Amino acid sequence: RICPRTILVGGGTILADGPTDDTISTYTELLREPNEVGSANLRDRLNRTSGAVRFTSVSAHDVSGNAKWIFEPGDTIILKLRYEAFEAAPSLGLYFALRSTTTGETITSVKEPLSLTPLQVGPQPLAIVEFPNCPLRPGQYALYVCLGNQDCSKMYDVVDDNVGLPQLVIRSSEMDGHRTVGYFSLTARISTDSDSDQPAHGQRVILRT
C-alpha cells in the first residue's frame, strides 16, 4: 500500500507536502532539470582529485531526449556529462559506476578513454554514456562518476552523493517478487525432458526478463 500523503524535502526545506501523486509529480519535474555541479562541494572533490578537469553538469535522458531519472526495466538510459578543463591535461578518461544504495557495493562499471590527446583549458565536448535496453531490475542506484587521465590512474574529478546527484530509479508494475529480486534480468532457457512427441532435447521455455 502507498501512503496517501508524502512530503518532499530538499536542502532542509519542504518542497511539497500533499497527496502522494502530486508530490511525485513535483519530484519528477525537479529531476527534469540538469544537475549543475560545477561549483558543488569543491572542497571534497579537490581533496579526492586534482581538479584539473571537472564536471559542470550531469543529466539523464530517455531515447526521446526527455530529461528524467526514473525508468522502467528494458528502457534505454542516456547520461549526458558536461565538463571543463581548468588546467591543461595530457589525456582524458571516464570511469562510471552504479552502486547499491543499501550496501554501497559496486554493481557494474564502465571505463573508457575520452581523449588520447592533450586538453586545453576551457569547455570540452559533451560525453554521452548510453545503456541500451538496460537490464536493471527495480530499485534505486547511486552514481559514481570520475574523470581522469586516459587509464584513470590519476583522477581529475569525482561526483557522487557529494554533489547530491539524484539516484537512478528503476520502477516496475511487476507484482511477483521473484521476478524483481536482485540487480539484473537475464534471458535464460529451461529444457525439460518429456514423454510426449517432443524432440530428444526436450521442451524449451524462454523465461521472461
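The values are calculated or read from the model by the stated rules, or taken from the named source; none is laboratory data. These numbers were taken from a predicted model, which means no experiment stands behind them. As a convention, Cβ positions derive from the backbone with ideal geometry for all residues, glycine included, and neighbour counts pool all protein chains shown. When the accessible area is computed, the model is the full protein with side chains, heavy atoms only, and any ligands, DNA or RNA have been set aside. Shrake-Rupley method; radii C 1.70, N 1.55, O 1.52, S 1.80 Å.
Could you please state how large a percent of the accessible area of the stretch 53-143 is carbon and sulfur, counting protein chains only and using a 1.4 Å probe?
On the way: 2150 of 4370 Å².
Using a 1.4 Å probe with all protein chains present, the stretch 53-143 comes out at 49 percent carbon and sulfur.
Cβ under 12 Å from Ser173's Cβ, Ser173 left aside: what net charge do those residues give with Lys, Arg +1 and Asp, Glu -1?
Values: positive: Arg171, Arg179; negative: Glu72, Glu174, Asp176.
For residues surrounding Ser173, the net value is -1.
Between Phe184 and Glu72, what is the label-to-label distance in nm when each label sits 7 Å out along the Cα-to-Cβ direction?
2.3
Would you please state the base-10 log of I(q)/I(0) at q = 0.10, 0.16, 0.17 1/Å for the stretch 31-187, with intensities from the Debye formula using one equal scatterer on every alpha carbon?
The calculated log intensity ratios at q = 0.10, 0.16, 0.17 Å⁻¹ are -0.37, -0.89, -0.99.
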